[in-house]
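Trainee: Pasting in a structure now, in structure tokens, and then I'll have a few things to ask.
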Amino acid sequence: MSLASAIVHQKCPRCRKGNLFVKKNPYALNDALKMPDRCAVCGQDFKMEPGFYIGALWTSFPIVIFLMTSLSIILLVIVKMDLYPFFAVLTLFLFSLQPIIIRLGRAIWISIFVEYDPELGER
Ligand SMILES: [Zn+2]
């Protein structure tokens, strides 16, 4: 499994097999951000220090900017939507994608600090 695929499927960065989140569904609202303490496959610590995932703001922010820019170009330039409905659509769009964006941000963030172990991945 490649790094990009491990991030998209929210797998442990070390073995790329164990799940980073308890629930697969990002819209299981009460448990959407619940993560196991350790990887069920390789035992990698997922909560390396208190507040570790506060730093994931730095990885989810570029995703938000990318989505905002793309949607703005599509709706304002191509569709030529008026500003008020545009802001309503943009807000709803970003709000509804929040669980997915936050989870992706966390998956990217932990992948920066935990190195992939190919031996674990092959087993
Ligand atoms: Zn693992």
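Residue-wise test of (1) modelled with pLDDT under 95; (2) surrounded by fewer than 14 Cβ atoms within 10 Å (Cβ to Cβ); (3) in contact with a Leu (Cβ under 9 Å, 6 or more places away or on another chain).
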site	(1), (2), (3)
S2	yes, yes, no
K11	no, no, yes
R14	no, no, yes
F21	no, no, yes
Y27	yes, yes, no
D31	yes, yes, no
P62	no, yes, no
I78	no, yes, no
F93	no, yes, yes
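Trainee: Next question. Would you mind stating whether D82 is away from the ligand (no atom under 16 Å from the Cβ), acidic (D, E) and at pLDDT 95 or above?
Mentor: It is true that D82 is away from the ligand (no atom under 16 Å from the Cβ), acidic (D, E) and at pLDDT 95 or above.
Trainee: So, one more: Which of the residues that make up region 33-45 are more than 16 Å from the ligand (Cβ to nearest atom) and either open to solvent by less than 20 Å² (accessible area, probe 1.4 Å) or among the aliphatic types (A, V, I, L, M) (or both)?
Mentor: As a first pass, look at region 33-45 and keep what is more than 16 Å from the ligand (Cβ to nearest atom): 33-34.
Residue satisfying the conditions is L33 alone.
Trainee: Determine whether region 46-65 contains at least one residue that is away from the ligand (no atom under 13 Å from the Cβ), closer than 20 Å to I110 by Cβ and touching a Pro at 6+ places or on another chain (Cβ under 6 Å).
Mentor: So far as region 46-65 goes, no, none of its residues is away from the ligand (no atom under 13 Å from the Cβ), closer than 20 Å to I110 by Cβ and touching a Pro at 6+ places or on another chain (Cβ under 6 Å).
The values are calculated or read from the model by the stated rules, or taken from the named source; none is laboratory data. As the structure is a prediction and not an experimental result, all values here were calculated from the model. No Cβ is skipped: glycine too gets one built from the backbone with ideal geometry, and neighbour counts run over all protein chains shown. Surface areas here come from the heavy atoms of the whole protein model, side chains and all, with no ligands, DNA or RNA. Shrake-Rupley method; radii C 1.70, N 1.55, O 1.52, S 1.80 Å.
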